[in-house]
Amino acid sequence: MSDIRAITRRTAVGVMAAAGLGYAVFGPRRARAVPPGRVVLDYWEKWTGQEAQAMRRVVDAFNASQDRIWVRYFSMGAVDQKAMIAIAGGDPPDVVGLWNFSSPAFSEADAILPLDEMIGVWGDEVSADFERLYGDIGFRIEASYYAGPIWGQMHYKGRLWGVPNTCSSMGLVYSRAAFREVGLDPDDPPKTIAEMDEAAELLTTRRADGSIERIGFIQRDPGWWNWIWGYFFGGSIYDVKTNRATAYTPENIRGYDWVRSYPVKYGMSRLVSFQSGFGNYNSTQQPLLAGKMAMAFHGPFLVNVVNTFDPDFDYGSAPFPVSEDVYNPDEPIALLESDMLFIPKGCKHPREAFEFVCFTQRRAMVELLAIAHCKPSPLAAVSDGFYARHPHRYIEVFNKMVRSPRAFPKPQTPVWPQYEDEFNAAIHAFWTELDVPPAEILAGIQKRGQQAIDQHAAQRARRGET
């Protein structure tokens, strides 16, 4: 632990000196009147705009619900880096909002506290307080309370580190109007990759000069998940049991052969030129809204953009198509991401931080955020009226994906950022270096990913950690 903190402190000093930000690197500390006599908690979160305001409502509800604790809520960018610097410097916030894939790096750096220990020490006491304050406990941090895949994301190496405040499953989002235009049934979207390729070809329109006017589908928009495509062919890119990178497998090769098939089919230069004209995500120029794409891989939160800029846009949603040999309508394959709350090591008020974290797990608070963020619920069950109140017409589709045993997260490895960067760097090659087989690119990704994994393991071994 001392080695990591020493490195992190040196990094912090370098960052602050280079940027000239000093204390301001940790973000603005807005003045807000704190009632006298309360324990004050600092909560750092990554959200901005509408999402930040929704979390503000949860914080305000907690502050109003009792008279012992007051949470000060700070929204900031690069919250993971700033939190790690603050923890290493001995002045962390009391609660920090990160992501499910943050658990490995933060727990191995001894930067967050295990919640299972807190449940053992304070769980009964907080439950009794909640029953006294609210008339019922309203939450249970146990497996039966959460969707199965979410419960798995809350753990790393058998320990419970964080709890979700929101989650997202990703699937197919499409223009129902475009489907009707070309004679496709908007109530029967493609279920297999072969069906999707056929639909994409029908939905693609070209101008007289051959340039693309609308593309049926491309894997590079929005470009946030370049590592996923092998999963829809039955693959995965990391084996947590053996701590091995597994990018170079037959299933992943099939997935990236499919990615390669689109620039081959539609013309690499035409696709690159066409995509360069895509507008900003959060605007009327978002490709689906602008009519430049007919189908996209996306999360339910896209509908917040729809409802803001084009509420009459007729969209549909479904699980993302998969290869025919792995198709199972009862167990869709879906990317699952979660926003997580953690309690940093060294925080001033761990008992009070634990109470606030428990409050955020009350079903009413979880569903408040899910509805405001236009996301599914991370809990095992939803309340009566949740679907009726939700702004997404297909939220039941995304809720089902959250609960699928084949929902997959970002791999739980501390070197995930480096591993993901390999895919981000390689996606251009998959599309443009048509003389290099995808299998060769994947072999290189696996080699470099495993090198990062092995280097990290060696560093831990030198420190006597397991």
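If you stretched the chain out fully between Ser273 and Asn424, how much longer would it get, using 0.36 nm times the residue separation minus the C-alpha to C-alpha distance?
52.4 nm
What's the lysine pair count for region 271-415 at a Cα cut-off below 27 Å, pairs eight or more apart or interchain? Walk me through the numbers before you get to the answer.
Numbers: Lys292/Lys375; Lys345/Lys410; Lys375/Lys400; Lys375/Lys410; Lys400/Lys410.
Taking the Cα cut-off of 27 Å, the pair count is 5.
May I ask you to order 295-308, 159-172 by the average number of other C-beta atoms within 10 Å around their residues, highest value first?
Numbers: 295-308: 20.9, 159-172: 23.4.
My ranking of the peptides, most packed first, is 159-172, 295-308.
Output wanted: per-residue J couplings in Hz (rounded whole) for region 73-89, from phi through Karplus 6.51 cos²θ - 1.76 cosθ + 1.60, θ = phi - 60°, x for Gly and Pro.
These are the phi-based 3J(HN,Hα) values: 10, 10, 9, 7, x, 6, 5, 5, 5, 5, 5, 5, 5, 5, 5, 5, x Hz.
What is the pair-distance distribution P(r) of region 66-152, computed from all Cα-Cα distances in 10 Å bins starting at 0, with each bin given as a whole percent?
Histogramming region 66-152 at 10 Å steps yields 13, 36, 38, 14, 0 percent.
Report the full-extension gain for the segment Asp185 to Ala290: residue separation times 0.36 nm, less the Cα-Cα distance, to one decimal in nm.
Numbers: separation 105, 0.36 × 105 = 37.80 nm, distance 2.12 nm.
Length gained between Asp185 and Ala290: 35.7 nm.
So which aspartates and glutamates can Lys82 reach, going by Cα to Cα under 14 Å and dropping same-chain residues fewer than 8 places off?
Within the straight-line cut-off, Lys82 pairs with Asp42, Glu45, Asp91, Asp94.
Taking the Cβ-Cβ separation of Arg207 and Ala177 as r and a Förster radius of 30 Å, what is the calculated FRET efficiency to the nearest 0.05? Please list the in-between numbers first.
Working: r = 20 Å, r/R0 = 0.66.
Result of the calculation: an efficiency of 0.90.
Can you pull the one-decimal nm distance between simple spin-label points at Val436 and Asp110, each 7 Å off the Cα toward Cβ?
Going from the Val436 label point to the Asp110 one covers 4.1 nm.
Run lengths n ≥ 4 of DSSP H only: what is the helix-derived mean residue ellipticity at 222 nm for the chain, with -39500 (n - 2.57) per run over all residues, to the nearest 500?
Details: 17 runs with 203 residues, N = 466.
Theoretical 222 nm ellipticity from helices: -13500 deg cm²/dmol.
If the label point is 7 Å along Cα→Cβ of Asp67, which residues in region 127-168 have backbone nitrogen under 19 Å from it?
129-135, by backbone N distance to the label point.
Values quoted throughout were computed directly from the atomic coordinates according to the rules given, and no laboratory measurement underlies them. Just so you know, these numbers come straight off a predicted model, no measurement behind them. Note that we place each Cβ from the backbone using ideal geometry, even for glycine, and neighbour counts take in every protein chain shown.
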